[in-house]
Amino acid sequence: MNSDFEETLEFLREAHREPIPDAHFAAVRARVLAELSAERRPWWRGIWAYGFAAAALTAMLLAVFVGRTPRSARVPLDPHLAQPHKPHAILERPTGASAADQGVRPTNAGTRPSHRRHTAAPAAYRVIGPPDPRPLVVKLITDDPNVVIYWIASIKGE
Amino acid sequence: MAAVAAMDGPDERRDTIAAARAGDLGAFELLMRRHERLVLATALRLTGNMADAQDISQEVFLRLYKNLGKVQAVNALPAWLYRVTVNACHDLRRRRPASEPESSACDLVAGGMDPQTSLTQAERRRVLEMSLRILPEKERAALVLRDLEGLSTEEVARVLGSSEATVRSQISKARAKVHDFVERYFSPRERRRT
């Protein structure tokens, strides 16, 4: 029995004496070193990715919210609220009283619109701005050359 | 390999361990090269397959790196590695029981051809591997360390944390079981007749 067992044991030893291929050792070494390298990497090495992501998010939010037209600008404003202080417009507005009564020298400023101011203002203000003080004159020509009809429309007061 | 040869002296080994402890990965790689056969071969004999043995080797070397400060004497390192390897194999077995059913020698004979004609080296090896696999963990570890790794009974006892008497008993039982397994495999007809 002993000799049989010695034979078995010797064969067991022989079987396990076969060399293990180097590739298996190399694989273990590579796995261990890779894990150790990953553990030793400083924490701030990877933080640039988070910083980049935060910067990109901030830029995106700025583009969305800052680039948008404010709601107040999208709704046409009441011209009186939009331009609460317009001393020149009030002065230029015709009152129907004489220049002497108004205490100012009569000028053509009241009848001549200031194109500079209107062209500079936004379209919404031009549409609903103060009424043009000049009377509207419509000339109607009839078949009879002796008859010409003038239609004069004037605005009085507000 | 030349670098490994260069660290054969005790002073060089001590310096290498000190450098690895200081964080030198190159020095730690030298340590691994020095002891990788011990760890991988033991794990392979205990687990029976290369994938598990590689997983265990990786775990053992990672534990070594974390515990380099505890390894004081250079000569104590192999015993420490054996102990950690055996424990890692036990842990693996508990976490992941062997997937292959542990067949008996008679089952192998019944499912195969006539043992007398298939007595090839490969088959004998397969039977021996199977005989190791049927052993309880402690007995298998004792047999592998004593008979295959060539450690003394005292060293095996130190690695396994048992007394020498216990180890002698475990080795004796393991040898008897392996022998019985092989005997039953190669002469089942005679056994069945008796």
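Residue check, B:Glu102 against (1) assigned to a loop (DSSP other than H, G, I, E, B); (2) modelled with pLDDT of 80 or more, all met but one. Which one?
(2)
Starting from residues that are hydrophobic (A, V, I, L, M, F, W, C) and without any contact (Cβ under 8 Å) to a residue 40 or more places away in the chain, keep the ones in segment B:60-81 and report whichever is surrounded by the most Cβ atoms within 10 Å (Cβ to Cβ).
Checking each candidate, the answer is B:Val60.
Looking at B:Ser57 and the list (1) surrounded by fewer than 17 Cβ atoms within 10 Å (Cβ to Cβ); (2) closer than 14 Å to A:Arg31 by Cβ, which single condition is not satisfied?
All conditions are met except number (1).
Mind checking which pairs have a first residue in segment B:143-156 that is more than 15 Å from B:Ala79 (Cβ to Cβ) and a second that is open to solvent by less than 50 Å² (accessible area, probe 1.4 Å) and assigned to a loop (DSSP other than H, G, I, E, B), Cβ under 8 Å, 6 or more apart or different chains?
Sorted first by the residue in segment B:143-156, then by its partner, the pairs are B:Leu143/B:Leu135.
With the requirement that a residue be part of a loop (DSSP other than H, G, I, E, B) and modelled with pLDDT of 85 or more, what does segment A:21-61 give you?
A:Pro21
Need the failing condition index for A:Ser37 against (1) under 23 Å from B:Arg146 (Cα atoms); (2) surrounded by fewer than 12 Cβ atoms within 10 Å (Cβ to Cβ); (3) at the interface with chain B (Cβ under 9 Å from one of its Cβ atoms), just the number.
In the conditions (1) under 23 Å from B:Arg146 (Cα atoms); (2) surrounded by fewer than 12 Cβ atoms within 10 Å (Cβ to Cβ); (3) at the interface with chain B (Cβ under 9 Å from one of its Cβ atoms), A:Ser37 misses (1) alone.
The values are calculated or read from the model by the stated rules, or taken from the named source; none is laboratory data. Remember, predicted model here, so these are calculated numbers, not experimental data. Note that each Cβ is placed from the backbone with ideal geometry, even for glycine, and that neighbours are counted across all protein chains shown. Ligands, DNA and RNA are excluded from the accessible area calculation, which covers all protein heavy atoms including side chains. Shrake-Rupley method; radii C 1.70, N 1.55, O 1.52, S 1.80 Å.
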